Amino acid sequence: MSIDLTEETITAAVQETFEGCPDERMRTVFVMLVQHLHDFAREVRLTSEEWFTAVDFLERVGRICGPTRQEFVLLSDILGLSVLVDQINHGNGSATDSTLLGPFYVEGRPRAENGADISGGVPGMPLFFTGTVVDAEGRPVAGADVDTWHSDSEGFYDVQQQDQLHGEPAMRALLSTDDEGRFSYRSIVPRYYPVPTDGPCGEILRAAGRSPMRPEHIHFWFHAKGFDPLVTMLFRGDDPYLERDAVFGAKRSLVADFVQHESGETAPDGTAMTEPFQTVEWTFTLAAAQE
Ligand code: BEZ
Ligand code: FE
């Protein structure tokens with residue numbers, strides 16, 4: 001019955017309308033969504049004004065979205081939903097921990113050979129990254145696709161400085177692992193940075209007095225035949241924001257050693273360096289694909 005509904009009876013009335021839904025999963029998700037949405041409104045005694053504010057907010061989140069701006073994902077991130085969903089789906093096992101994808105991955109990234117300089121000429125302290133990709137038994141995974149991307153030394157991604165870089169990609173590449181499961185590249189040392197705060201999500205962070213900062217990190221996304229894709233990041237242990245990541249994505253298991261080297265030392269690619277540089281090495285473990 002959906003007439004003369006009250007605060008008490010409306011929830012069941014809406015849920016009943018999903019009973020004929022042939023997709024069982026959709027039925028479950030919507031019945032529970034209605035339950036929790038209604039309980040939420042009842043519990044906080046949501047005012048009409050607050051409802052209008054929320055609708056206006058969501059409309060503005062939608063308006064600011066575009067090919068290089070994903071404000072809905074950011075909203076999910078700052079509310080911890082993205083990490084919660086990741087934990088639900090990849091919460092245990094022997095593979096390298098996964099974490100957020102974030103909004104700065106872009107499809108049109110250049111392919112690079114192992115050892116290549118992927119900095120795109122952006123200035124900064126040189127960083128040499130050497131990775132190995134293995135399976136759960138520690139055997140190398142050859143021919144894996146490795147996406148990597150990171151910020152510059154001031155915390156900006158290439159897509160945030162399209163004018164200066166003339167739209168050219170920088171500090172990102174798609175590499176492949178060799179027969180020993182290894183991949184390597186040269187780039188620059190990234191830095192911690194604020195999530196974008198010039199949109200509606202920034203309003204929430206400011207109103208709540210929350211920090212917008214993410215600890216310094218390098219992103220990775222692995223694809224290999226026979227394995228689950230892995231989306232992850234590596235963090236620096238002494239980062240001031242490691243324990244208060246604005247999007248809750250930092251994990252101790254993903255803290256790597258960013259080793260400092262002085263001018264005059266030899267880089268992993270054999271270059272005699274005439275400036276200070278850093279090296280990072282890491283082994284990533286992929287989980288076998290679910291049947
Ligand atoms: C990032 O690490 O690129 C990121 C993740 C979530 C929100 C904003 C940025
Ligand atoms: Fe990032």
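The values are calculated or read from the model by the stated rules, or taken from the named source; none is laboratory data. These numbers come from a predicted model, not from an experiment. Don't worry about glycine lacking a Cβ; one is built from the backbone with ideal geometry, like all the others, and counts go over all protein chains shown. To get the accessible areas, we keep the full protein, side chains included, count just its heavy atoms, and leave off ligands, DNA and RNA. Shrake-Rupley method; radii C 1.70, N 1.55, O 1.52, S 1.80 Å.
Packing order of peptides 245-252, 105-112, highest average first: 245-252, 105-112 (average count of other Cβ atoms within 10 Å over each peptide's residues). Per-atom-type breakdown for the chain gives carbon and sulfur 54% of the accessible area (1.4 Å probe, protein chains only).
Rolling a 1.4 angstrom probe over the protein heavy atoms with all chains in place gives region 148-231 an accessible area of 42 Å² per residue. The Cβ shell under 9 Å around Pro268 holds other residues with a net charge of -1, Lys and Arg each +1, Asp and Glu each -1. For Thr197, the shell of other residues with beta-carbons less than 9 Å away shows a net charge of -1, using +1 for Lys and Arg and -1 for Asp and Glu. Think of each Lys and Arg Cβ as +1 and each Asp and Glu Cβ as -1; about the Cα centre, that makes the dipole of region 1-46 roughly 160 debye.
The helix-based estimate of mean residue ellipticity at 222 nm for the chain, built from -39,500 (n - 2.57) per DSSP H run of four or more residues and divided by its residue count, is -7500 deg cm²/dmol to the nearest 500. Net charge dipole, the chain: roughly 180 debye, given to the nearest 20, about the Cα centre with Cβ charges of +1 for Lys and Arg and -1 for Asp and Glu. Heavy-atom accessible area, probed at 1.4 angstrom with all protein chains present, ranks Asp163, Asp178 as Asp163, Asp178, highest first.
Accessible surface for region 1-46, divided over its residues, is 81 Å² per residue with a 1.4 Å probe.
May I ask what percent, to the nearest 5, of DSSP beta bridges between residues of the chain are antiparallel? Can you show the working numbers first?
Numbers: 33 of 45 bridges.
About 75 percent, rounded to the nearest 5.
Taking the inverse of the mean reciprocal distance over all distinct Cα pairs, the Kirkwood hydrodynamic radius of region 71-285 comes to 17.9 Å. With the simple model of a label 7 Å out from the Cα in the direction of the Cβ, Ile3 to Cys21 spans 2.6 nm.
Taking all protein chains together, Cys201, Cys65 sort by accessible area into Cys65, Cys201, largest first [probe 1.4 Å].
The residues packed around Val106, meaning those with a beta-carbon under 9 Å from its beta-carbon, carry a net charge of 0 if Lys and Arg are +1 and Asp and Glu are -1. By the equivalent-ellipsoid construction on the alpha carbon gyration tensor, region 248-291 comes out with semi-axes of 32, 15, 6 Å, ordered largest to smallest. Among complete DSSP H helices in the chain, those whose alpha-carbon atoms stretch at least 18 Å along the helix's long axis and whose mean Kyte-Doolittle hydropathy reaches 0.0 are 24-44. For region 1-46, the equivalent ellipsoid derived from the Cα gyration tensor has semi-axes of 20, 14, 4 Å, listed largest first.
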